[in-house]
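Asks: I'd like to ask some things about the structure below.
The values are calculated or read from the model by the stated rules, or taken from the named source; none is laboratory data. All figures in this text were calculated on a predicted structure; none of them were measured in a lab. All Cβ positions, glycine included, derive from the backbone under ideal geometry; neighbour counts span all protein chains shown. With ligands, DNA and RNA removed, areas are computed over all heavy atoms of the protein, side chains included. Shrake-Rupley method; radii C 1.70, N 1.55, O 1.52, S 1.80 Å.
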Amino acid sequence: MPEHSTYLTSLLEAQKDVELRKIAQKVLDSVRISAYEGQLLYEKASLGFLGLLANYVREKKNGDKVYFNRNIHIEPTNICVYDCKFCSYSRLLKHKEEGWELSENQILDKIRSYQNEPITEVHIVGGVHPKMGLHYFASLIKKVKEIRPDLHVKAFTAVELDYMCRKAKVSYKEGLEILKAHGQDSLPGGGAEIFDETIRKEICADKCTASEWLEIHETAHQLGMPSNATMLYGHLESFAHRIDHMERLRQLQDKTGGFNTFIPLKFRNKGNQMSHLKEVSRIEDLRNYAVSRIFMDNFNHVKAYWPMIGRTTAQMSLNFGVDDVDGTIDDTTKIYSMAGSEEQSPALTTSQLVRLIKEAGRRPIERDTVYNVVKDYSKEEVDLMH
Ligand code: V47
Ligand code: SF4
């Protein structure tokens with residue numbers, strides 16, 4: 001744990017602004033900051049101040065550990081009934097020929113191809129296909145588990161779940177119970193975007209609402225299925241909208257404790273209906289990670305998803321509150337390469353990930369989906385010069 005007084009001295013000596021000094025004092029005393037104070041951090045705090053404070057929280061919670069896992073992503077289809085303006089990846093059914101639909105066998109073959117690989121998680125997320133419903137996916141998950149009973153299945157965003165439950169005419173609870181009984185272990189954090197109703201209407205009008213997203217995650221937590229939470233930032237939203245989004249998540253986490261990780265997702269502007277918007281700067285990315293870390297006091301982990309943010313920013317974020325960089329991925333996701341990420345074929349070997357973390361002066365820890373330690377790589381030899 002960081003030395004409280006060293007942090008206190010450097011933070012308070014450098015900070016002339018009375019309001020920011022008060023916020024720093026609260027954080028160092030482990031007192032929750034308010035929405036107003038969160039907003040002040042976005043508006044007034046320097047990058048250095050935010051980094052120092054976020055790093056204090058990060059080291060108090062996670063020391064110098066950086067978590068990653070060995071996972072693969074399966075995207076069954078990019079055909080989607082929705083038409084979110086920021087999405088570069090989906091194709092409407094009427095443009096089916098431009099999209100892909102993996103058959104059940106193709107998906108299972110993919111799992112079989114990792115039979116002898118020490119992956120611990122499969123992440124299954126895709127477009128909302130009108131013909132791939134609850135019972136199809138329940139049976140798919142059961143077959144995945146028959147091939148690899150040890151794999152943790154993290155699957156389906158709340159947007160996909162909302163659609164499949166409605167179509168199957170079951171409640172969220174019934175739908176999730178069916179999926180759980182067939183082997184689904186947890187939910188990823190996608191589909192949250194920005195909860196503010198006005199912005200949500202602008203960027204993704206027709207998919208599940210903010211309260212439906214929150215209800216699905218709350219129900220999953222009640223059934224013992226943990227989940228993640230994301231926030232899409234850097235488009236039309238204001239700082240107040242980001243704080244409102246995080247505040248709603250913080251409240252749900254107080255109630256259920258079911259979230260593992262908070263994942264800020266930077267809007268990438270290639271090939272979508274919002275391409276006219278400029279992407280925010282790398283400085284803004286780091287500031288946002290830091291405010292998230294400081295504000296989300298009841299989340300144990302903040303993740304920089306490297307295929308989206310790029311590996312260099314991911315490395316830098318490790319000094320701005322981030323303690324998780326997701327996983328090896330193995331070139332199995334297209335969602336960000338199609339939206340203009342610098343990572344065009346996202347795959348890192350375990351030793352590349354270990355090196356990336358060590359270069360940033362941190363301790364690489366392989367985890368499973370729920371943060372049990374699989375292996376501590378801090379003693380592995382890595383040549384940092386080449
Ligand atoms: O909900 C889509 C985002 C999300 C763009 O839980 C975009 O571990 C930026 O949620 N620019 C899906 N973002 C991916 C997701 C996820 C990814 C990795 C790990 C986890 C986890 C969850 O991707 C969508 C949307 O917010 N997205 N298009 C874009 N142009
Ligand atoms: Fe469909 Fe998801 Fe893309 Fe929206 S973000 S269009 S729900 S695939």
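Asks: Before anything else, pin down the relative contact order of region 1-128: Cα pairs under 8 Å, at least 6 apart, normalised by residue count, whole percent.
Replies: Values: 119 pairs, mean separation 33.6, N = 128.
Answer for region 1-128 is 26 percent.
Asks: Set Lys and Arg Cβ to +1 and Asp and Glu Cβ to -1, take the dipole of the chain about its Cα centre, and tell me which of 103, 286, 40 lies farthest positive.
Replies: 103
Asks: If I model a spin label at residue 109 and residue 381 as a point 7 Å from the Cα along the Cα→Cβ vector, what separation in nanometres do I get?
Replies: Label at residue 109, label at residue 381, 4.1 nm between them.
Asks: Lone cysteines in the chain, going by a 4.7 Å Cβ-Cβ cut-off?
Replies: Lone cysteines by the Cβ rule: 80, 165, 208.
Asks: Expressed in nm to one decimal, what extension gain is obtained for the pair residue 98 and residue 197 from 0.36 nm per residue of sequence separation less their Cα-Cα distance? Intermediate values should be presented prior to the final figure.
Replies: On the way: separation 99, 0.36 × 99 = 35.64 nm, distance 3.13 nm.
So the chain would gain 32.5 nm between residue 98 and residue 197.
Asks: Ignoring ligands and nucleic acids, what accessible area does residue 167 show with a 1.4 Å probe (Å², nearest 10)?
Replies: My reading of the accessible area for residue 167 is about 120 Å².
Asks: How much of the accessible area of the chain, probe 1.4 Å, is carbon plus sulfur, in whole percent? Don't skip to the answer; put the middle values down first.
Replies: Values: 8030 of 15630 Å².
Of the solvent-accessible surface of the chain, carbon and sulfur hold 51 percent.
Asks: So, one more: How high is the FRET efficiency from residue 297 to residue 209, r the C-beta distance, R0 35 Å, rounded to 0.05? Let's see the in-between values first.
Replies: Details: r = 26 Å, r/R0 = 0.75.
It comes out at approximately 0.85.
Asks: Another question, then. Hey, can you grab everything whose amide H is under 5 Å from the amide H of residue 324? Only 5+ residues off in sequence or another chain; H modelled, so Pro and N-termini drop out.
Replies: 67, 302, 304
Asks: Mind pulling the angle between the C-alpha long axis of helix 47-62 and the longest principal axis of the chain? Nearest 10 degrees, somewhere in 0 to 90.
Replies: 70
Asks: How far apart, in nanometres, would the label points at residue 139 and residue 359 be if each is projected 7 angstrom from Cα along the Cα-to-Cβ direction?
Replies: Going by the 7 Å Cα→Cβ label model, 4.7 nm.
Asks: With axes computed from alpha carbons, what is the tilt in degrees of helix 18-28 against the longest principal axis of the chain, rounded to the nearest 10 within 0 to 90?
Replies: It is inclined by approximately 60 degrees.
Asks: Then there is this: What order do you get for 277-283, 23-29 when each peptide is scored by the mean count of other beta carbon atoms within 10 Å, highest first?
Replies: Values: 277-283: 12.6, 23-29: 19.0.
Top to bottom by mean Cβ count within 10 Å: 23-29, 277-283.
Asks: Residue 262: net charge of surrounding residues, Cβ under 9 Å, Lys/Arg +1, Asp/Glu -1, itself excluded? Let's see the in-between values first.
Replies: Working: positive: 293, 303; negative: none.
Local charge sum for residue 262: +2.
Asks: Of the options 257, 378, 159, report the single residue whose Cα projects farthest towards the positive end of the charge dipole of the chain (beta-carbon charges: Lys, Arg +1; Asp, Glu -1).
Replies: So the residue furthest toward the plus end is 159.
Asks: Per residue of the chain, what 222 nm ellipticity follows from adding -39500 (n - 2.57) for every DSSP H run with n ≥ 4, rounded to the nearest 500?
Replies: Numbers: 15 runs with 164 residues, N = 386.
Using -39500 (n - 2.57) per qualifying helix, the result is -13000 deg cm²/dmol.
Asks: Measure nothing fancy, just the Cα-based angle from helix 134-147's long axis to the longest principal axis of the chain, in degrees from 0 to 90, nearest 10.
Replies: Once rounded, the angle reads 80 degrees.
Asks: A follow-up question, please. If you filter region 168-259 for trypsin sites (Lys or Arg not before Pro), then keep DSSP loop positions with at most 11 other Cβ within 10 Å, what is left?
Replies: Of the trypsin sites (Lys or Arg not before Pro), the ones in loops of region 168-259 whose Cβ has at most 11 other Cβ atoms within 10 Å are 169.
Asks: Relative contact order, percent, of the chain when contacts are C-alpha pairs under 8 Å separated by at least 6 residues?
Replies: Values: 705 pairs, mean separation 79.2, N = 386.
Computed over the chain, the figure is 21 percent.
Asks: Can you give the net charge of the other residues whose Cβ lies under 10 Å from the Cβ of residue 210, counting K and R as +1 and D and E as -1? The partial results should precede the final answer.
Replies: Numbers: positive: 200, 248; negative: 193, 196, 197, 212, 215, 244.
Residues close to residue 210 contribute a combined charge of -4.
Asks: Would you mind getting the accessible area per residue of region 91-234, heavy atoms of the protein chains only, 1.4 Å probe, in Å²?
Replies: Working: 6050 Å² over 144 residues.
It amounts to 42 Å² per residue over region 91-234.
Asks: Under a point-charge model restricted to the Cβ atoms of Lys and Arg (+1) and Asp and Glu (-1), what is the dipole moment magnitude of region 69-188 relative to its Cα centre, in debye to the nearest 20?
Replies: Working: 18 positive and 16 negative charges, 51 e Å.
Approximately 240 debye in magnitude.
Asks: Assigning unit charges at the beta carbon (Lys, Arg +1; Asp, Glu -1) and nothing else, what dipole magnitude in debye, to the nearest 20, does the chain show about its Cα centre?
Replies: On the way: 52 positive and 55 negative charges, 41 e Å.
Using only the charged Cβ atoms, the result is roughly 200 debye.
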